[in-house]
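The values are calculated or read from the model by the stated rules, or taken from the named source; none is laboratory data. It should be emphasised that the depicted structure is a prediction, and the values quoted were computed from it without experimental measurement. In this analysis, Cβ positions are derived from the backbone assuming ideal geometry, glycine residues included, and neighbour counts consider all displayed protein chains. With ligands, DNA and RNA removed, areas are computed over all heavy atoms of the protein, side chains included. Shrake-Rupley method; radii C 1.70, N 1.55, O 1.52, S 1.80 Å.
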Amino acid sequence: MEYTVSVMNRFFAPALLCLLILGCARPSDKPVYLDHSKPLEERVEDALSRMTLEEKVALTHAQSKFSSAGVPRLGIPELWHTDGPHGIRPEVLWDEWDQAGWTNDSCTAFPALVNLAATWDRDLSHLYGECIGAEARYRKKDILLGPGINMGRTPLNGRTFEYMGEDPYLAGELVVPYVQGVQDNGVAACVKHFAVNNQEVRRTATSSNLDDRTLYEIYLPAFRKAVQEGGTWAIMGSYNLYNGQFNCHNKKLLCDILKGEWGFDGVVISDWGGCRDDDEAITNGLDIEMGTWTNGLRGAASDSYANYHLANPYLERLRDGRATEEVLDDKARRILRTVFRTSMSPEQHFGSFTSPEHFAAARKIAADGIVLLKNDGTLPLNPADGARILVVGENAYKMMVVGGGSSNLKTKYEIIPLDALHEAFDDKASVVWERGYVGDVTTDYNKVVTGQDLSESRSAQQLLSDAVAAAKDADYVIYMGGLNKSRNQDNEGTDRLDIVLPYGQDVLIEALAEVSDKLVVVNISGSPVAMPWASKVNAIVQAWYGGSESGHALVDVLTGAVNPSGKLPFTMPLALADGPLKTERQYPGIQEEGKQWWQEYYDEGVFIGYRWYDTQNIPVQYPFGHGLSYTTFDLSNASVKPSGKGWTVSATLENTGDVPGAEVVQLYIADTEASVPRPVKELKGFEKIYLQPGEKRQVKFNIGLEDLSFFDAASHAWVAEPGEFKALLGTSSADIRAEIPFNYGK
Ligand code: GLC
């Protein structure tokens, strides 16, 4: 012992002193906020304590079209925001929407989110988030402005293609892994557009008016899951009003629900131009104001950022006592937290861009979301040598990644369906294309161009005649039409005017059906369309805007290289009039005496989508959750057993066909004794299961009281009423294979 002490005294102590003097072992004098080893909240508080009032206010608004300020003096970087949900938007000039003309920002274009929704695959959603988050990180972007998860209240919504369908459970289950995948890259997901933003018509001037039960049961659940299960670091306020207050500073939505009830600790970012009021922007939960044309300074005059609601007007209010630094500090904390989660994250992220893996992921997601609606055996295509394949329709050729609004992308490449068909069949068959109709001839958006020439000299009649004439000699006719990204179609800023196919396509398809007994119709769209010719064609495929690999993905399914497993994320109605929106006050809204803004009333309540059609027994073209396969499946041994505080619903799925495939087993719950009007079924579970021919597997769902409940506005609580319920197991909302009654509380 004595020896040890003496050695310490003689050797170690002086050595330690030297080290301390030399600074080698000096306790870190790095400021806490710069010390990645420190807990997040300590870094936040330390940074905040060093900031001036002006620096804190600077954080809360844009400094350019897509960036908000950091703290240069402290070495805290600015936040870079980027669209969109389907891929990383090309770089824009400081104050511009138009692209900056860089040559290194052509991205991977992933499938539209409705395509992802149609996969009903949580793992693919996580893969999607991982890939797009990696591309955002590589492009040094901190906040991805997506995903969008607004409910499909009307099939006319111009942004249906950017969202995840008509059911809150499906959208909620898929948004969680997407957000987690994005944020694994040190990039914040910014889930949008919060909330009840369900149309594009007068989107900046319409108040969505609805009761609490409808709000909590239909329009909030997917956002709540994104926050409480997905842990999203950002939320985007929407343009519209909710119950009379603009959503980018709506007290009930942002303060009471999002930050209050749900405990959201991230940032609320306004939609671009969504902030409309100085005082509300300060007090009602907005943290970063983006895209404002303040005080009528449209077009972003050079000093407009200083005139933002949360800029000089805010500083004035802080200095004259109308605003408190406490509220400002909450905004600043949330923004600093976002910086320390992203560009200053303890984990170093570098991302990756346009990798083969990303294109492969895009192709798989696109293919797995393609929905086989009808098939008499004509698919998969297996043409004999020398067969003549006629392809008809503009969408076989037209590139669809460019356009549609803020989700517009400049991609490295886009495989069009026609080229993919040539790749697949040119060695054994002849593939000929007839345009059939002229749709949208634009080929550019925000100075992003496709390079295609869509000009056409033939008349509509000539185009139709040429297609029909060619069809008479063809062994197969593959029609590829649908919608596109132009005005009043799948396009931000406008809604559709009907669900009837545009450009005279119904007449063309009927004419082709007259002359061909091997007619496959591929509808490429992001939203529902009417199909009056459905009984006259051999097969129908619902394809989506599949991104860079869309053509390959579609042909993978048409040839059977991929067995289709997609399921509709929304109802395909027979006609728009069959839907729940019957009056102008329901949609697109009305003007009322003494009210500045348009007013829209969600009188249909919770009854949207299949909740409406199934409860009203209204026939539809194809139901929510519908999708066929090249194999067949059987569901048996269904049961409901009490387990813990809830129940376990189980069944056995078997692949009874002769090719591998996947089925989505869907669980709906029916409350047969409710004291309030409830839908005859509500989706409360789904599992996508891949099986080899002959393979069987048990599928299980654990449900609890929350799955039986409705939202009671009076008590502001979820209520499960004792009585009889039914578990409905099936492969679509209409194809219910088992109904098992069970009791709760009686
Ligand atoms: C747009 C969209 C929003 C987008 C933002 C930035 O108006 O509503 O989804 O992220 O502005 O482009």
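Sort out which residues of segment 152-170 are within 16 Å of the ligand (Cβ to nearest atom) and of a type outside the set (Val, Ile, Thr), and write them in order of number.
So in segment 152-170, the residues within 16 Å of the ligand (Cβ to nearest atom) come out as 157-164.
The answer is Asn157, Gly158, Arg159, Phe161, Glu162, Tyr163, Met164.
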Inset, instruction - Inspect all residues belonging to segment 179-192 and state whether any of them is within 22 Å of Trp598 (Cβ to Cβ), open to solvent by less than 10 Å² (accessible area, probe 1.4 Å) and in contact (Cβ under 8 Å) with a residue 24 or more places away in the chain. - result: yes
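Looking at Arg202, is it on the phi > 0 side of the Ramachandran plot, more than 13 Å from the ligand (Cβ to nearest atom) and of a type in the set (Lys, Arg)?
On the way: on the phi > 0 side of the Ramachandran plot: yes; more than 13 Å from the ligand (Cβ to nearest atom): yes; of a type in the set (Lys, Arg): yes.
Yes; evaluated as a whole, the condition is true for this residue.
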Legend entry - Selection from segment 394-429 of residues that are charged (D, E, K, R) and either at pLDDT below 95 or part of a loop (DSSP other than H, G, I, E, B) (or both): Lys398, Lys410, Lys412, Glu414, Asp426, Asp427, Lys428
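Kindly indicate whether Asp121 is within 16 Å of the ligand (Cβ to nearest atom) and open to solvent by 10 Å² or more (accessible area, probe 1.4 Å). Walk me through how you get there before you give the answer.
Values: within 16 Å of the ligand (Cβ to nearest atom): no; open to solvent by 10 Å² or more (accessible area, probe 1.4 Å): yes.
Spelling it out, it is not the case that Asp121 is within 16 Å of the ligand (Cβ to nearest atom) and open to solvent by 10 Å² or more (accessible area, probe 1.4 Å).
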Legend entry - Extreme residue, least open to solvent (accessible area, probe 1.4 Å), among residues of segment 473-516 that are of a type in the set (D, E, K, R) and under 20 Å from Leu421 (Cα atoms): Asp475
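Out of everything in segment 280-291 that is assigned to a helix (DSSP H, G or I) and either in contact (Cβ under 8 Å) with a residue 40 or more places away in the chain or small (Gly, Ala, Ser) (or both), what residue ends up being farthest from the ligand (Cβ to nearest atom)? Quick ask: steps written out before the conclusion?
Filtering segment 280-291 down to residues assigned to a helix (DSSP H, G or I) leaves 280-283.
Adding the requirement that they be either in contact (Cβ under 8 Å) with a residue 40 or more places away in the chain or small (Gly, Ala, Ser) (or both) leaves 281-283.
Values: Ala281: 17, Ile282: 22, Thr283: 24 Å.
Ranking the qualifying residues of segment 280-291, first place goes to Thr283.
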Inset, instruction - Report yes if some residue within segment 206-227 is within 16 Å of the ligand (Cβ to nearest atom) and either open to solvent by 10 Å² or more (accessible area, probe 1.4 Å) or in the same structural domain as Trp544 (by TED's automatic domain parsing) (or both); otherwise report no. - result: no
Inset, instruction - Pull up segment 129-151, narrow it to residues that are touching a Leu at 6+ places or on another chain (Cβ under 7 Å) and part of a loop (DSSP other than H, G, I, E, B), then point me to the one that is nearest to the ligand (Cβ to nearest atom). - result: Pro147
Legend entry - Entirely in segment 645-708, the strands (runs of 3 or more DSSP E) that have 2 or more residues that are touching a Ser or Thr at 6+ places or on another chain (Cβ under 7 Å): 646-655, 661-671, 696-703
Legend entry - Filtered residues of segment 389-437 (kept if in contact with a Lys or Arg (Cβ under 8 Å, 6 or more places away or on another chain), among the β-branched types (Val, Ile, Thr), open to solvent by 20 Å² or more (accessible area, probe 1.4 Å) and away from the ligand (no atom under 16 Å from the Cβ)): Val432
Legend entry - Failed criterion for Asp265 (all others in (1) away from the ligand (no atom under 16 Å from the Cβ); (2) of a type in the set (D, E, K, R); (3) in contact (Cβ under 8 Å) with a residue 60 or more places away in the chain; (4) in contact with a Ser or Thr (Cβ under 9 Å, 6 or more places away or on another chain) hold): (4)
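Can you tell me which residue within segment 692-711, out of those that are touching a residue at least 12 places away in the same chain (Cβ under 8 Å) and polar (S, T, N, Q), is farthest from Arg213 (Cα to Cα)? Break it down into steps so the answer makes sense when it comes.
Here is the first cut: in segment 692-711, the residues touching a residue at least 12 places away in the same chain (Cβ under 8 Å) are 692-708, 710-711.
If we keep only those that are polar (S, T, N, Q) too, we end up with 692, 698, 702.
On the way: Gln692: 43, Gln698: 35, Asn702: 25 Å.
By that ranking, first place goes to Gln692.
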Inset, instruction - Identify, from the list Ala25, Ala58, the residue that is modelled with pLDDT under 95 and either surrounded by 14 or more Cβ atoms within 10 Å (Cβ to Cβ) or part of a loop (DSSP other than H, G, I, E, B) (or both). - result: Ala25
Legend entry - Residue satisfying all of: in segment 319-373; in contact with a Ser or Thr (Cβ under 7 Å, 6 or more places away or on another chain) and charged (D, E, K, R); nearest to His86 (Cα to Cα) among these: Asp368
Legend entry - Where Asp614 falls short, out of the listed (1) part of a helix (DSSP H, G or I); (2) touching a Leu at 6+ places or on another chain (Cβ under 8 Å); (3) of a type in the set (D, E, K, R): (2)
Legend entry - Candidate set from segment 93-109 (those that are within 16 Å of the ligand (Cβ to nearest atom) and aromatic (Phe, Trp, Tyr)); member that is farthest from Trp272 (Cα to Cα): Trp94
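Would you check if Asp271 is open to solvent by 10 Å² or more (accessible area, probe 1.4 Å) and within 16 Å of the ligand (Cβ to nearest atom)?
Details: open to solvent by 10 Å² or more (accessible area, probe 1.4 Å): yes; within 16 Å of the ligand (Cβ to nearest atom): yes.
So Asp271 fits the description; yes.
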Inset, instruction - Would you be able to say whether some residue in segment 236-252 is farther than 30 Å from Ser486 by Cβ and either within 14 Å of the ligand (Cβ to nearest atom) or acidic (Asp, Glu) (or both)? - result: no
Legend entry - Single condition Gly526 does not satisfy, out of (1) among the small types (Gly, Ala, Ser); (2) open to solvent by 20 Å² or more (accessible area, probe 1.4 Å); (3) within 16 Å of the ligand (Cβ to nearest atom): (2)
Legend entry - Exclusive hit being assigned by TED's automatic domain parsing to the domain that holds Leu34 and farther than 26 Å from His36 by Cβ, set Ala332, Ala311: Ala311
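Table: residues versus (1) farther than 15 Å from Thr154 by Cβ; (2) at pLDDT 95 or above; (3) buried (at least 24 other Cβ atoms within 10 Å of the Cβ).
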residue	(1), (2), (3)
Ser535	yes, yes, no
Ala539	yes, yes, no
Glu549	yes, yes, yes
Val555	yes, yes, yes
Leu576	no, yes, no
Lys582	no, yes, no
Pro588	no, yes, no
